[in-house]
Amino acid sequence: MEYRFQIMLYTNGSESMNNDEIEVPRPERLESACHIFVNQAGYQPWDEKYAILSFPASFYTVVDEHGRICFSGSTTYGGFDRGSGEVLYKADFSTLRLPGKYHVQCGNEFSMSFMIEDRAYKNCFDKCMKAFYYQRCGCELESRYAGEWKHGKCHCSPALLLDNTRIKLDVSGGWHDAGDYGRYVTAAATALAHLFYGWKMFPDIFRQQNLNIPEKPSDMPDVLLECRYELEWLLKMQRVDGSVWHKATTFKHAPFVMPEQDKDPMYVMPISSSATADFAAVTALASTIYKEYDSDLSAWLLRCSRAAWDWLEKNPQFVGFQNPKGCDTGVYGEHSDRDNRFWAAAELFNATGDTSFFSRAMELLPEEFSKTALGFASVGGFGTLSLILSGRMSPQFGELLQKTFVTRAEELADVCRSNAWGVSLSPEQYVWGSNMAVLTNGMTFLIADHLEKRSGGREQRFRRFASMQLDYLLGTNPTGYSFVTGIGEFCVNYPHHRPAFADGVEECIPGLVSGGPNSRREDPYAKEMIPDDTPPMKCFSDNMECYSLNEVTIYWNSAAVFLLAGLQE
Ligand code: 9MR
Ligand code: ZN
């Protein structure tokens, strides 16, 4: 449906609006009319399967596409759920394993359709990984790789160094961070870390992946080819003294135009110690991963990592980042760099075996930061994981570190048990990027299982909780949406994503993970459209103006890729 409308394009954190009249397909999505919620991507035959019903019901059936009843059962009462404000019932059909296309039916109510099949996650996994290609900056996206979502070469002019604008630098390449066209170091390091650990833990799943990307066929798996594209940009963000610039962005977010039309000058913004430490960490990690495919790249990565580390050692004080006056692009601010330095020391120890790095990691370990967090604002979990997987720990110490993850997984499993959705967030935790918390919690479950299995312990006791986080993402949530574009019958299609809006293609670029419900509703449209008393899990709208709850980012996608890979094992 096309019609003209007056669009107010709000940009993150800024007051600037663009009141031009633009001809675009105006989304007219209704809230889900559905009251039976399922994972719309589908279920692997061997996994637990359940629908959540938000109306009183005792008896339900699962019906195939020919209308045949393939399963029937009685619901269990799930109680009142504070997060969604609903009284819930659960319909468990785990024992239905026959491949096919189904609906859950209860009286006149139907769920969205879903598949039961061995490769139920494969399509979503491939699309979420291919999304990184669609985020590529500094190159043309040709139709043979990008289909109708092609675009021209973008953001290639030399960037101005903010500290001294007479200096121009080449910082082309990498992935656009999100719905905006900025490129930010700590966000990049986080996305790469998710993908690298995914690769390290589930290599067979990634090896089978064919992304149809421009790189020549080689023995390097596609995931590593795609990550190399980002790494090559990341390396350009290092200053000669080893420190790392925090971000490369324009001064103001671009209007909703295609990336090649965003001609504002690009700035390389000042350094931060968090960016420098994350850079040191992720390049050290990458050096271990690329070693078997490209020894020159691997050696270079390690050299750059050491240079960043040397700078950190010479500059022990925290150097935070704040936007220069008048700049409205992302801040990715932090209050401390202890976790970042811990991660860097751990990765450098893993990469080199040099015990001085281990000693530094041990000095930082007692400090106040999460040892399991896996997000851009808190990266301690990557350090812990790095130490454990290094194989260089004494058995006792390795066990202690492992226990940190396992204990965290146990805590999160309790949260999942406390609500019928099986989601790992408490009602207070639906904030900006809530889907990232859901997904990184899913990662924690898989990591805990992986570590227990590695040390010969009980196998896969957390897997079902990981699976529940994916179910939530893909439709078993009170909005009814699959939060991944192009996946599922009722999925988000209008994320806050500049090319998705400007390309004129009605169907959104597939495989983009929306930020998800945000009860704080931190953008003008969400504030206006979503009533104050809306339960936290329903503070969502599939609307491109809602950057605080329907944007996409690389580090939300990467967490989804990790989870999808792990659950296919
Ligand atoms: O993901 C970030 C979220 O956790 C913060 O609350 C929010 C506000 O600071 O910023 C988010 O990151 C945005 C970044 O600053 C710029 N690119 C888009 C990111 C996703 O919205
Ligand atoms: Zn670009």
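The values are calculated or read from the model by the stated rules, or taken from the named source; none is laboratory data. This is a predicted model, so every value here is computed, not measured. Every residue, glycine among them, receives a Cβ derived from its backbone with ideal geometry; neighbour counts consider all protein chains shown. Please note that ligands, DNA and RNA were not included when accessible areas were found on the heavy atoms of the full protein model with its side chains. Shrake-Rupley method; radii C 1.70, N 1.55, O 1.52, S 1.80 Å.
Restricting Y10, Y43, Y89 to residues that are within 28 Å of the chain's Cα centre (by Cα) and at pLDDT 95 or above narrows the list to Y43.
Looking at L161, L192 in this structure, which one is surrounded by fewer than 24 Cβ atoms within 10 Å (Cβ to Cβ) and either away from ligand 2 (no atom under 15 Å from the Cβ) or under 25 Å from V484 (Cα atoms) (or both)?
L161
Of the residues G67, G42, G78, G85, the single one that is more than 16 Å from ligand 2 (Cβ to nearest atom), surrounded by fewer than 22 Cβ atoms within 10 Å (Cβ to Cβ) and under 19 Å from S467 (Cα atoms) is G78. Only residues that are among the basic types (K, R) and touching a helix residue (DSSP H, G or I) at 6+ places or on another chain (Cβ under 6 Å) were counted in segment 44-92, giving 1. I want to confirm something. Restricting to segment 127-167 and keeping residues that are within 16 Å of ligand 1 (Cβ to nearest atom) and of a type in the set (F, W, Y), which single residue is nearest to L474 (Cα to Cα)? Checked segment 127-167; the qualifying residue nearest to L474 (Cα to Cα) is F132.
The numbered conditions (1) away from ligand 1 (no atom under 16 Å from the Cβ); (2) crowded, with 16+ Cβ neighbours inside 10 Å; (3) closer than 21 Å to S287 by Cα are all true for G391 except (2).
Scan segment 358-372 and tell me whether some residue there is surrounded by 24 or more Cβ atoms within 10 Å (Cβ to Cβ) and within 21 Å of the chain's Cα centre (by Cα). Scanning segment 358-372, I find at least one residue that is surrounded by 24 or more Cβ atoms within 10 Å (Cβ to Cβ) and within 21 Å of the chain's Cα centre (by Cα), so the answer is yes. Out of everything in segment 164-181 that is part of a loop (DSSP other than H, G, I, E, B) and more than 12 Å from ligand 2 (Cβ to nearest atom), what residue ends up being nearest to D328 (Cα to Cα)? Per the stated criteria, the residue is G179. Restricting attention to segment 25-40 and to residues that are of a type in the set (A, V, I, L, M) and in a loop (DSSP other than H, G, I, E, B), the residue that is modelled with the highest pLDDT turns out to be V38. Within segment 251-284, the set of residues being outside any loop (DSSP other than H, G, I, E, B), more than 16 Å from ligand 1 (Cβ to nearest atom) and either open to solvent by 10 Å² or more (accessible area, probe 1.4 Å) or modelled with pLDDT under 95 (or both) comprises E260, Q261, I271. Within segment 269-288, the presence of at least one residue that is more than 16 Å from ligand 2 (Cβ to nearest atom) and among the aromatic types (F, W, Y) is confirmed. Scanning segment 130-150 for residues that are buried (at least 17 other Cβ atoms within 10 Å of the Cβ), more than 11 Å from ligand 2 (Cβ to nearest atom) and not charged (D, E, K, R) yields A131, F132, Y133, Y134, Y145, A146, W149.
In summary, R119 fulfils each of the numbered conditions (1) among the basic types (K, R); (2) under 18 Å from the mean Cα position of the chain (by Cα); (3) over 29 Å from A159 (Cβ atoms) with the single exception of condition (2).
The numbered conditions (1) within 15 Å of R136 (Cβ to Cβ); (2) within 16 Å of ligand 2 (Cβ to nearest atom) are all true for Y184 except (1).
If you go through segment 209-222 one residue at a time, do you hit one that is buried (at least 21 other Cβ atoms within 10 Å of the Cβ) and assigned to a helix (DSSP H, G or I)? Yes: one or more hits.
Of all the residues in segment 458-467, those that are surrounded by 24 or more Cβ atoms within 10 Å (Cβ to Cβ) and within 14 Å of W421 (Cα to Cα) number 3. I need the full set of residues from segment 144-192 which are among the hydroxyl-bearing types (S, T, Y) and out of contact with any strand residue (DSSP E or B) (no Cβ under 9 Å at 6 or more places or on another chain), in order please. Within segment 144-192, just Y145 meets the criteria.
Checking the conditions here, which among K153, K127 is away from ligand 2 (no atom under 13 Å from the Cβ), charged (D, E, K, R) and modelled with pLDDT of 95 or more?
Going through K153, K127 in turn, the sole match is K127.
Across segment 421-435, the qualifying residues are those that are open to solvent by less than 20 Å² (accessible area, probe 1.4 Å) and either over 20 Å from the mean Cα position of the chain (by Cα) or within 16 Å of ligand 1 (Cβ to nearest atom) (or both), and the one among them that is nearest to Y472 (Cα to Cα) is W421. Taking (1) within 16 Å of ligand 2 (Cβ to nearest atom); (2) not in a helix (DSSP H, G or I) in turn, V505 satisfies each apart from (1). Just to verify a result, which residue in segment 438-457, among those that are open to solvent by 10 Å² or more (accessible area, probe 1.4 Å) and either touching a strand residue (DSSP E or B) at 6+ places or on another chain (Cβ under 8 Å) or not in a helix (DSSP H, G or I) (or both), is farthest from F405 (Cα to Cα)? By that ranking, first place goes to G456. The number of residues in segment 525-564 that are acidic (D, E) and more than 14 Å from ligand 1 (Cβ to nearest atom) comes to 4.
Within segment 396-407, one or more residues are assigned to a helix (DSSP H, G or I), open to solvent by less than 30 Å² (accessible area, probe 1.4 Å) and of a type in the set (G, A, S). Would it be correct to say that Q261 is under 19 Å from D180 (Cα atoms) and free of Cβ contacts under 8 Å to residues at least 12 places away in the same chain? When the stated conditions are applied, Q261 does not pass them. Out of everything in segment 312-355 that is among the hydroxyl-bearing types (S, T, Y) and within 23 Å of the chain's Cα centre (by Cα), what residue ends up being surrounded by the fewest Cβ atoms within 10 Å (Cβ to Cβ)? In this case the residue turns out to be S336.
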